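Participant: A single structure is presented below for examination.
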Amino acid sequence: MSPDSLDRRRFLKSAAAGALCAAAPDLAVKNPETGKRPVITRPLGKTGLTLPVVSMGVMNADNPALVTAALDAGIVHFDTAHRYQGGRNEEMLGQVFKGRPRHSIVVATKVPPTLSLSQDADAVPDEEPSRTRTVEDFMARLDTSLKRLKMEHVDILYLHNVSSRETALHPFFLEALERAKKSGRTRLVGLSTHKNEPEVLSAAVESKFYEVVLVAYNFKQDHVLQVRDGIAKAAAAGLGIVGMKTFAGGWLDKERTMPVNTKAALKWVLKDPHVHTVIPGFTTFDQLEEDLAVMADPVLSTEEEKDLRLAAAEPGLYCQGCESCLAGCSRHLPLPELMRSYMYVYGYRNPGRAREVVGALGLPDDPCAGCAGCSARCARGFDLRARVRDIARLASVPEEFLA
Ligand code: SF4
Ligand code: SF4
């Protein structure tokens, strides 16, 4: 075995895995590929993995060369999902990883928590969700993901986009995840959350089952103190903490005249020692370079802190998911989902992902048509009517136009 692969193994297997504390000190490891840039690593809770503090969120990326460049630069952990780009995201990763030693990469995917009705061909479907069917459908989706990834197992399997204790602890989903783990289809189980995060973090601890939480965490969150507290408690319980939505939209305006200082935003999250790694969704080589610089030196400067303070005061594109707008909307529109899609388009330049979300809502092209005056109020001051009208048009754009 070459020294390079030995170094890469050291990333993945923590010698001190059994004796981790929640806020273990950063370790600086020589970059195994270049031998030049140092890489700061942290243990992923009590999972036995140790990862560079910067990983790759692949959601917005569609360039295999970018993933290869990330691998070559020392990033080892890649985060995708069953739904991203209609499955093409997992397929792209499968192509890139083909032929590489499986132990050299850490792959995470996510399967949505969908309750299924029984579908006996000779009978009218039950109105109650079926435990057997739900578990089978979950496993079928996971198997599809594994096939796309060309792998027998992923390293982390998340229940995708969980926003309540009820979903986190639902016995059908726990059974599905347990089966996935027992059958060797995943090494670790977790959940992802970007709404109601403190409740979901607390449920993950309560479960004594989940091993990793992928959680939205950024400088613009109105409830950041509660999120921080939830993260600290989950980390103290030994869970691995992966941060996402760290850029809070990446831009502060639709016209893209006011960028978020993304390097500072990453460092801000990593300042919290309970966050073990982050998954910025870079899509260009310049952005990769910027994230690699953070991987080598995550210390936040006073200037950067000031940038973030100013950006935090702007309404921006980041929807808090606080739901305080819901009660005011006379048509009960799913405003947080629509605002999240707005951010995907104007912040992350990912209309495909926004189209997936908006399309699933089943709304007309102009859901606000005929509504006399907007009675919904956004805690962040968004012009909800204007943004709803803007983003809902996506539903009528054929998906292949955005592929
Ligand atoms: S204008 Fe649109 S967002 Fe505002 S209350 Fe009416 S339907 Fe809801
Ligand atoms: S009030 Fe504003 S920030 Fe909160 S969920 Fe609604 S749109 Fe998002």
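Participant: At what distance in angstrom do the alpha carbon centres of the stretch 272-331 and the stretch 156-223 lie from each other?
Facilitator: Here the answer is 21 Å between Cα centres.
Participant: I've got another one for you. If you add up the charges near ALA232, with Lys and Arg at +1 and Asp and Glu at -1, over every other residue whose beta carbon is less than 14 angstrom from its beta carbon, what do you get?
Facilitator: Residues near ALA232 contribute 0 overall.
Participant: What are the ³J(HN,Hα) couplings of the stretch 268-276, residue after residue, when phi is run through the Karplus curve with 6.51, -1.76, 1.60 and θ = phi - 60°? Round to Hz, x for glycine and proline.
Facilitator: 4, 5, 6, 5, 7, x, 7, 8, 8
Participant: Let me ask something additional. With unit charges on the beta carbons (Lys and Arg positive, Asp and Glu negative) and the dipole taken about the Cα centre of the chain, which residue among LEU270, VAL205, VAL189 sits farthest to the positive side?
Facilitator: LEU270
Participant: Bin width 5 Å, origin at 0, all Cα-Cα pairs of the stretch 326-402: what percent of pairs per bin?
Facilitator: Spelled out bin by bin, the stretch 326-402 gives 3, 17, 30, 25, 16, 7, 2, 0 percent.
Participant: Stretched out fully, how many nm does the piece from ASP62 to SER164 gain, at 0.36 nm a residue minus the Cα gap?
Facilitator: 33.6 nm
Participant: Before anything else, pin down the relative contact order of the chain: Cα pairs under 8 Å, at least 6 apart, normalised by residue count, whole percent.
Facilitator: Relative contact order for the chain comes out at 14 percent.
Participant: Report the net charge of residues surrounding GLU303, where surrounding means a beta-carbon distance below 12 angstrom and charges are Lys +1, Arg +1, Asp -1, Glu -1.
Facilitator: Here the charged neighbours net out to +1.
Participant: If you don't mind, another one. Assigning unit charges at the beta carbon (Lys, Arg +1; Asp, Glu -1) and nothing else, what dipole magnitude in debye, to the nearest 20, does the stretch 275-355 show about its Cα centre?
Facilitator: Dipole size: approximately 680 debye.
Participant: Is it possible to state the helix-based mean residue ellipticity at 222 nm for the chain, with each DSSP H run of 4+ residues giving -39500 (n - 2.57), the sum divided by total residues, to the nearest 500 deg cm²/dmol? What is it?
Facilitator: The per-residue figure over the chain is -11500 deg cm²/dmol.
Participant: Same structure, new question: Just grab the label-to-label distance for SER301 and LYS150, each label 7 Å out from Cα along the Cβ direction, in nm (one decimal).
Facilitator: For SER301 paired with LYS150, the spin-label model returns 4.3 nm.
Participant: As a test of the definition: which semi-axes, in Å, follow for the chain when you take the square root of five times each eigenvalue of its alpha carbon gyration tensor? Largest first, please.
Facilitator: Three semi-axes, in Å: 32, 27, 20.
Participant: Evaluate the Kirkwood expression for the hydrodynamic radius of the stretch 33-174, namely the inverse of the mean inverse distance over all pairs of different C-alpha atoms, and round to one decimal in Å.
Facilitator: 16.9 Å
Participant: Additional query: Treat every Asp and Glu Cβ in the stretch 125-165 as -1 and every Lys and Arg Cβ as +1, leave all other atoms uncharged, and give the resulting dipole magnitude about the Cα centre to the nearest 20 debye.
Facilitator: 240 debye
Participant: Sorted by mean Cβ packing within 10 Å, highest first, what order do the peptides 103-116, 73-86 take?
Facilitator: Top of the packing list down: 73-86, 103-116.
Participant: Let me check I've understood the local charge: for ASP390, count other residues with C-beta under 12 angstrom from its C-beta, Lys and Arg +1, Asp and Glu -1. What total comes out?
Facilitator: +2
Participant: Would you kindly calculate the mean projected area, averaged across all directions, of the convex hull enclosing the Cα atoms of the stretch 91-226, in square nanometres?
Facilitator: 10.3 nm²
Participant: Here's another thing I want to ask about it. Taking the Cα centre of the stretch 188-308 as origin, work out the dipole magnitude from +1 charges on Lys and Arg Cβ and -1 charges on Asp and Glu Cβ, in debye rounded to 20.
Facilitator: 320 debye
Participant: What is the spin-label model distance, in nm, from SER118 to ARG100 if the labels are put 7 Å beyond Cα along the C-beta direction?
Facilitator: Between SER118 and ARG100, the label points sit 4.5 nm apart.
None of the figures in this text is laboratory data; all of them are computed from the coordinates on show. Being a predicted model, the structure only gives us computed values, none of them experimental. With ideal geometry, Cβ positions are generated from the backbone for all residues, glycine too; neighbour counts draw on all protein chains shown.
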